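The values are calculated or read from the model by the stated rules, or taken from the named source; none is laboratory data. Bear in mind that the values here come from a model prediction, so they are computed numbers and not experimental data. Note that each Cβ is placed from the backbone with ideal geometry, even for glycine, and that neighbours are counted across all protein chains shown. Surface areas here come from the heavy atoms of the whole protein model, side chains and all, with no ligands, DNA or RNA. Shrake-Rupley method; radii C 1.70, N 1.55, O 1.52, S 1.80 Å.
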Amino acid sequence: MIRRNDTRRLLFLAAFLWLSVFTACDSSSDSGEAAPAAVPDNGLAGPGDATEAAPDAVDAAPVPTAAVDTEPQRPVVAETLPYAEVREELVYGHFVFPADMVDPLPGIILIHEWWGLTDSVRAMADRIAAEGYVVLAVDLFGGRSTQSPSEARDLLVPVIENPGRAEENIRQAYDFLATSGQAPRIGVIGWDFGGGWALNTAMLFPNDLDAAVIYYGQVIADEARLAPVNVPILGLFGADDRGIPADSVRRFERALEVLGKDFEIEIYPDAKHAFANPAGPNYNAAIAERAWARTLAFLNRHLSSTAE
């Protein structure tokens with residue numbers, strides 16, 4: 001539970017939400033990233049289940065990015081706000097919503113890649129918010145980010161060794177959107193490291209989360225661990241991803257099918273790891289746009305006011 005300056009923060013957020021009808025802010029994006037090298041798993045998905053990224057996609061200079069590099073389609077309001085307090089330390093995230101918002105909108109937890117909460121991740125949050133969502137881009141790395149693969153591995157170590165901090169971080173992010181943001185429905189989306197943690201979030205909120213989108217993140221096939229999850233899942237993967245092999249995705253898919261879960265899994269032919277990263281060596285524009293369109297349709301289906 002957030003204790004420090006909580007009342008002040010909530011009052012500020014309430015004013016921020018209502019005054020936002022009359023304001024707007026510009027969004028920006030940057031060039032993109034190269035896909036990361038193979039690293040250990042990220043916690044809840046299970047040690048040894050799969051590597052985190054593709055070993056064949058690390059030649060280009062790494063510049064962090066998210067899925068598709070375009071500007072938001074309408075003005076959004078964005079602010080850096082504290083959304084959690086973990087081990088007596090405030091955690092700040094990127095909170096963004098449409099400038100013309102009047103009534104509460106569905107919420108989305110956006111989970112960054114192994115580079116951390118970068119400007120490009122914020123730009124992706126802005127783009128998603130412009131589609132009609134309240135978005136909170138969380139920070140699992142304590143305010144640190146990098147463009148170096150070796151430093152990125154170092155940022156992962158605390159999450160790998162102590163996933164409980166990340167779990168509490170995300171629990172409070174969910175509560176922030178549900179209470180302060182008044183989101184009637186909440187989903188999660190993540191890429192790579194964040195994709196694995198999107199699945200982890202579905203496992204943390206097996207009956208409360210309304211949608212989970214996994215872009216080439218680590219997955220599991222343990223039916224006992226997946227059985228409690230009643231969250232619609234969209235998984236988008238590359239057939240030629242050597243870090244998240246198609247065989248592991250198929251095992252995940254079979255487990256979901258056996259359990260009778262609500263899921264959609266797409267393994268794109270001729271797509272490698274990080275196929276949706278515009279500046280990465282494995283970027284595939286056609287597949288990235290198809291995946292993005294499918295993502296928006298999935299989120300609308302499960303998070304809109306008409307969702308069942």
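On the given criteria, is residue 277 modelled with pLDDT of 95 or more and closer than 26 Å to residue 133 by Cβ? The answer is no for residue 277. Scoring residue 236 on the criteria (1) within 17 Å of residue 276 (Cβ to Cβ); (2) in a loop (DSSP other than H, G, I, E, B) leaves a single failure, condition (2). Screening segment 184-195 for residues that are under 13 Å from residue 174 (Cα atoms) and in contact with a helix residue (DSSP H, G or I) (Cβ under 7 Å, 6 or more places away or on another chain) and picking the one that is surrounded by the most Cβ atoms within 10 Å (Cβ to Cβ) gives 188.
Each row is one residue, and each column tells you yes or no for (1) in contact (Cβ under 8 Å) with a residue 12 or more places away in the chain; (2) over 19 Å from residue 188 (Cβ atoms); (3) open to solvent by less than 50 Å² (accessible area, probe 1.4 Å).
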residue: 221; (1), (2), (3): yes, yes, yes
residue: 230; (1), (2), (3): yes, no, no
residue: 239; (1), (2), (3): yes, yes, yes
residue: 244; (1), (2), (3): yes, no, yes
residue: 252; (1), (2), (3): yes, no, yes
residue: 290; (1), (2), (3): yes, yes, no
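Within segment 128-164, the set of residues being part of a helix (DSSP H, G or I) and open to solvent by less than 20 Å² (accessible area, probe 1.4 Å) comprises 128, 129, 152, 155, 156, 159. Within the set 224, 183, the sole residue that is in a helix (DSSP H, G or I) and more than 30 Å from residue 283 (Cα to Cα) turns out to be 224. Exactly one residue among 297, 211, 202, 198 is within 26 Å of residue 129 (Cβ to Cβ), open to solvent by 40 Å² or more (accessible area, probe 1.4 Å) and within 17 Å of the chain's Cα centre (by Cα), and that residue is 297.
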